[in-house]
Amino acid sequence: MTQTLAKLAKAPRRDREDWVRAARRALIEGGVAKVKVEPLAGVLGVTTGSFYHHFRNRQDLLDAVLVHWERENTEPLFQAVRDAGPDPDAQLDALFEAWLTESDYDPAYDSAVRDWARTSKPAEAAVRRTDDRRIDLLKQIFLGFGYDEDRAFIRARVTYFHQVGYYAMEIIEDRAVRRRWRPLYREVLLGDPSRARD
């Protein structure tokens, strides 16, 4: 076996998801301008030929990153609400917990995609689509509390805008502090459901 073939035999095998995850890291760390094929190949320890085995071009990779973001950074929120069952109190608490712990939801990923959306129509469309889905999830929770359609929608928006603003402003708080404030945020955002239709 020649030296070149021996090197190829020992080279790591990377799949499409490896490339997407590497692109995600680059996006978070340096913005979309840092999502480039050659540097990613270096990070993954492969040649650019590996990239073209999985993607047609850089845009194909960027499109895959958007699909990954929509799925990976939104589905955990929906799953948390589903796992909480039909009780809107439990659903809202589950959603707040997902945001608080950031174990399945990555706010840095959200922020990076939002930054990208300022200069990219596909990213902007993905952000709008995802924001609409998340706001609708919150709206369904507020409907469960007894708010009418309009009030449920506005409360959902205010709650979501609050959360997005939290990250946009890069507020740094210890998790214990965030837990201490959580009941007060909940009180303000939820209001008094007994007056939901006044």
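The values are calculated or read from the model by the stated rules, or taken from the named source; none is laboratory data. Note that this is a predicted model, so its numbers are computed, not measured. Neighbour counts are summed over all protein chains in view; Cβ atoms, including those assigned to glycine, are modelled from backbone coordinates with ideal geometry. Side chains included, ligands, DNA and RNA excluded: accessible areas come from the protein's heavy atoms. Shrake-Rupley method; radii C 1.70, N 1.55, O 1.52, S 1.80 Å.
Can you check what the net charge comes to around Leu44, using other residues whose Cβ is under 14 Å from the Cβ of Leu44 (Lys, Arg +1; Asp, Glu -1)? Charge balance in the 14 Å sphere: +3.
Here the extension length gained between Asp87 and Asp136 equals 16.0 nm, from 0.36 nm per residue of separation less the Cα-Cα distance. For the chain, lysine pairs with C-alpha atoms less than 26 angstrom apart, excluding pairs fewer than eight positions apart on the same chain, total 4. Taking the charge dipole of the chain about its Cα centre, with +1 at Lys and Arg Cβ atoms and -1 at Asp and Glu Cβ atoms, the residue from Ala123, Tyr166, His53 reaching farthest to the positive side is His53. Taking 7 Å steps out from each Cα toward its Cβ at Asp115 and Lys34 produces label points 0.7 nm apart. Taking springs between alpha-carbon atoms closer than 10 angstrom, which of Pro88, Pro76, Pro39 fluctuates most in the Gaussian network model of the chain? Taking springs between Cα atoms under 10 Å, the residue moving most is Pro39. Would you mind telling me which residue in Tyr167, Tyr52, Tyr147 has the biggest mean-square fluctuation in a Gaussian network model of the chain, where springs connect alpha carbons within a distance under 10 angstrom? In the Gaussian network model the winner is Tyr52. Remark: spin-label model distance Glu97-Met169 equals 2.6 nm, labels positioned 7 Å along the Cα→Cβ axis. Oblate is the label for region 100-189, because a/c, from the alpha-carbon gyration tensor with a ≥ b ≥ c as root eigenvalues, is 1.5 or above and a/b does not exceed b/c.
Rounded to the nearest 500, the 222 nm mean residue ellipticity of the chain from helices alone is -23500 deg cm²/dmol, with -39,500 (n - 2.57) taken per DSSP H run of at least 4 residues.
What does the charge add up to near Ala125, with Lys and Arg as +1, Asp and Glu as -1, over the other residues with Cβ less than 12 Å from its Cβ? Let's see the in-between values first.
Numbers: positive: Lys121, Arg128, Arg129; negative: Asp63, Glu70, Glu124, Asp131, Asp132.
In short, -2.
Filter the chain for me: DSSP H helices, axial length by Cα at least 24 angstrom, mean Kyte-Doolittle hydropathy not below -0.5. List them by residue number.
Numbers: long enough: 121-144 (35 Å, -0.55); 149-168 (28 Å, -0.42).
Taking the DSSP H segments of the chain (at least 24 Å long, mean hydropathy at least -0.5), we get 149-168.
Accessible surface calculations at 1.4 Å, restricted to protein heavy atoms, place the chain at 58 Å² per residue.
Springs between Cα atoms under 10 Å define the GNM used for the chain, and in it the highest mean-square fluctuation of Ile154, Ile171, Ile135 occurs at Ile171.
Quick one: with all protein chains in place, what share of the accessible area of the chain is carbon or sulfur, to the nearest percent (1.4 Å probe)? Present the calculation step by step, with values, prior to reporting the outcome.
Numbers: 6130 of 11550 Å².
That share works out to 53 percent.
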